[in-house]
Amino acid sequence: MSRIGRMPIAIPAGVTVTIAENNKVTVKGPKGTLERELPEEMSIKEEDGHIVVTRPNDLKKMKSLHGLTRTLINNMVVGVTNGYEKVLEVNGVGYRASKQGKKLTLNLGYSHPVEMEDPEGLETVLEGQNKITVKGIDKEKVGQYAAEIRDKRRPEPYKGKGIKYADETIRRKVGKTGKK
């Protein structure tokens, strides 16, 4: 049995979960509403304040979908109650970020500033000029947008310049040494 798939998902106060046909799950909470179609093979039921996901048989595909389905629903519940956030750091001389309205402008040592528009349902918050926080209720979108920002200038291993996640460690390399 899938250990993660077996665990019931507690529904916190102020959150409503509706399960429509074709396993279309809608989660409404204080921060917003999330909707997702999940694999039809899984049976999703609401039992006394908990959501239980069960699988029809023990085929390999069903086993892998079991834990996935449960985690996706759990992520939706956590998203509408607490929300998700990813923190990025901009390191490097002259590298900085600024924000005007919904437009994030990054100066990353290119000949031009890189401009990015906040996607629907996400917001970026700046702390100083080198800390970017991406916030939202959809875990997948938050992670994707944070990865897109990081891709504009990935951290390099010699000086550590670039955009990195706050909890990321960069494996440093030693530069070349002169002849003696």
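Kindly state, to the nearest 0.05, the FRET efficiency for A13 paired with R36, given R0 = 25 Å and r defined as their beta-carbon distance. Rounded to the nearest 0.05, the efficiency is 0.70.
For the stretch 62-69, the Karplus equation 6.51 cos²θ - 1.76 cosθ + 1.60, evaluated at θ = phi - 60°, returns couplings of 5, 4, 6, 5, 4, x, 4, 4 Hz by residue, with Gly and Pro reported as x.
Report, to the nearest whole %, how much of the accessible area of the stretch 3-56 belongs to carbon and sulfur atoms, 1.4 Å probe, protein only. Summing carbon and sulfur atoms, their accessible area is 49 percent of the total for the stretch 3-56. Measuring against 25 Å, Cα to Cα, the residue pairs K103/K159; K28/K63; K99/K135; K60/K86; K31/K102 contain K103/K159; K28/K63; K60/K86 as the ones spanning a longer distance.
From the Cα gyration tensor of the stretch 45-93, with a ≥ b ≥ c the square roots of its eigenvalues, which class applies: rounded if a/c is under 1.5, or else prolate if a/b is larger than b/c, or else oblate? Oblate is the answer for the stretch 45-93, as a/c is 1.5 or above yet b/c matches or exceeds a/b. Relative to the Cα centre, the charge distribution of the chain, modelled as +1 at Lys and Arg Cβ and -1 at Asp and Glu Cβ, gives a dipole magnitude of about 1520 debye. Between Y165 and A20, the modelled labels are 3.3 nm apart [label points 7 Å from Cα along Cα→Cβ].
Based on a Kirkwood Rh over C-alpha pairs, give the Stokes-Einstein translational diffusion coefficient of the stretch 111-164 at 37 °C and viscosity 0.692 mPa s in µm²/s. Using the Kirkwood radius from Cα pairs, D works out to 267 µm²/s.
Loop exposure criterion: chymotrypsin sites (Phe, Trp or Tyr not before Pro), DSSP state outside H, G, I, E and B, at most 14 other Cβ atoms within 10 Å. Applied to the chain, the longest stretch between such sites is 1-109.
For the stretch 104-150, state which GluC sites (Glu not before Pro) are in a DSSP loop and have at most 15 other beta carbons lying within 10 Å of their beta carbon. Mind showing how you got there, number by number?
Values: sites: E115, E117, E120, E123, E127, E140, E148; in loops: E120.
Of the GluC sites (Glu not before Pro), the ones in loops of the stretch 104-150 whose Cβ has at most 15 other Cβ atoms within 10 Å are E120.
Once the Kirkwood radius over Cα pairs is known for the chain, the Stokes-Einstein relation at 10 °C and 1.306 mPa s delivers a diffusion coefficient of 84 µm²/s. Roughly what percent of Cα-Cα pairs across the stretch 1-99 reach past 24 Å? Value for the stretch 1-99: 33 percent of Cα pairs lie more than 24 Å apart.
The values are calculated or read from the model by the stated rules, or taken from the named source; none is laboratory data. Quick caveat: nothing in here was measured; it's all calculated off a predicted structure. So basically every Cβ, Gly included, is an ideal-geometry build from the backbone, and we count neighbours across all protein chains shown. Only protein heavy atoms, including side chains, enter the accessible area calculation; ligands, DNA and RNA are left aside. Shrake-Rupley method; radii C 1.70, N 1.55, O 1.52, S 1.80 Å.
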